[in-house]
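*Asks:* Here's a structure for you.
Throughout, read-outs are computed from the coordinates displayed, never taken from laboratory work. Keep in mind that this is a model prediction, so the values were computed, not measured. Backbone-built Cβ (ideal geometry, glycine too); neighbour counts: all protein chains shown.
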Amino acid sequence: MTERDLIPTARRPRPRTYLMCAPEHFVVEYAINPWMDTTAPVDTDLAVKQWDVLRQTMVDLGHTVHVLTPQAGLPDMVFAANGGFVVDGVAYGAKFRYPQRADEAAAHRAFYESRAEYAFVAPTQINEGEGDFAYLPDAHGGIALAGYGFRTEPAAHAEAAEALGRPVISLKLVDPRFYHLDVALTVLDDENIAYYPGAFSEASQKVIAQLFPNAVIADEADALAFALNLVSDGRNVVINTESTAFADKLTAAGYHPVLVDLAELKKGGGSVKCCIAELRD
Ligand SMILES: CN(C)C(=N)NCCC[C@H](N)C(=O)O
């Protein structure tokens, strides 16, 4: 028996393909979420160094990382998870809520359209990609979870269901500090999640509890540390260094946390997951 045989099947790592974009032009010059303070200094060089450690960490874990070319004038482009939602090679494109980020959508679209393995579906409804969509291939036959309330329109959930041919469960976000689904809920493996209940309406809390009775529960302090803005390959969970308390909860649940410092990018209102789109092809 090998060490791998001792890991429950659901918690075995699976090699993934990711899309990232270096924060070469990262600054906080507008405020479109409660974390952004245009008066606080930002060290762009430090942001690039921290991002590169994250990119290298994903490569060292055995994953494939594609990178987009960063564009001047698009300081939030580092948050590449917002550019689309890809399931089984179908890339449902993003349509950003705020004009400051609108031009990022074209860069993501060009990436998908340049690669034969993806079929791009242009959105008509406002949606911020994996910021508000998550996918679990082995839960309930393969379902997407989708947030609304701050950024993505509920109509985009129906559009995504039509584009991807998967059920999409709409969940209402109610706390502006957790303005995207991916700062309130995360996919840990192909069938289970972690989430902070207080970020959701009472009705949505009931929906999540019914679908995921074994979910790992985060508290407010975990959520404020952006602990849920993590990326898991099913076993290795890449999470920011501020989230040690939640990392301990993940270890207790059988996962393997890998800590990465992304403090500079938190000034833009994002962390690990925001920087990484998963390309499920
Ligand atoms: C998962 N992702 C991508 C996020 N949660 N995104 C962070 C976006 C931050 C940006 N300043 C904004 O407010 O749009």
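*Asks:* With both bridge residues required to lie in the chain, what share of the DSSP beta bridges run antiparallel, to the nearest 5%?
*Replies:* Just about 45 percent of them are antiparallel.
*Asks:* Would you mind counting up the charge near ALA245? Only other residues with Cβ under 13 Å from its Cβ, with Lys and Arg at +1 and Asp and Glu at -1.
*Replies:* It works out to a net charge of -4.
*Asks:* By how many nm would the segment from GLU162 to ALA110 lengthen if fully extended, with 0.36 nm per residue of separation less the alpha-carbon distance?
*Replies:* Stretched out fully, the GLU162 to ALA110 stretch lengthens by 16.5 nm.
*Asks:* Give the peptides 95-108, 75-88, 233-246 in descending order of average Cβ contacts within 10 Å, highest first.
*Replies:* 75-88, 233-246, 95-108
*Asks:* Right, here's the next one. Give me, ordered by chain and number, the residues 5 or more places off VAL67 or on other chains with an amide H under 5 Å from its own placed amide H.
*Replies:* MET20
*Asks:* Moving on. Can you list the GluC sites (Glu not before Pro) in region 1-74 that are in a DSSP coil and have 15 or fewer other beta carbons within 10 angstrom?
*Replies:* GLU3, GLU29
*Asks:* Please grab the % of Cα pairs in region 19-154 that end up more than 20 Å from each other.
*Replies:* 51
*Asks:* Here's another thing I want to ask about it. What FRET efficiency comes out for ASP138 versus HIS66 if R0 is 35 angstrom and r is the Cβ-Cβ distance? Round to the nearest 0.05.
*Replies:* For R0 = 35 Å, the calculated efficiency reads 0.90.
*Asks:* Report the gain in length on full extension from THR39 to ASP261: 0.36 nm times residue separation, minus Cα-Cα distance, nm rounded to one decimal.
*Replies:* The span from THR39 to ASP261 would gain 77.7 nm if fully extended.
*Asks:* Order of 124-134, 37-47 by packing, highest average Cβ count within 10 Å first?
*Replies:* Packing proxy ranking, top to bottom: 124-134, 37-47.
*Asks:* Moving on. Along its three principal axes, how long is the chain when you only count alpha carbons? Whole Å, largest extent first please.
*Replies:* Projected onto its principal axes, the Cα set of the chain covers 52, 40, 39 Å.
*Asks:* Using 0.36 nm per residue of separation minus the Cα-Cα distance, give me the extension gain between GLN56 and VAL174 in nm, one decimal.
*Replies:* Full-extension gain reported as 39.0 nm.
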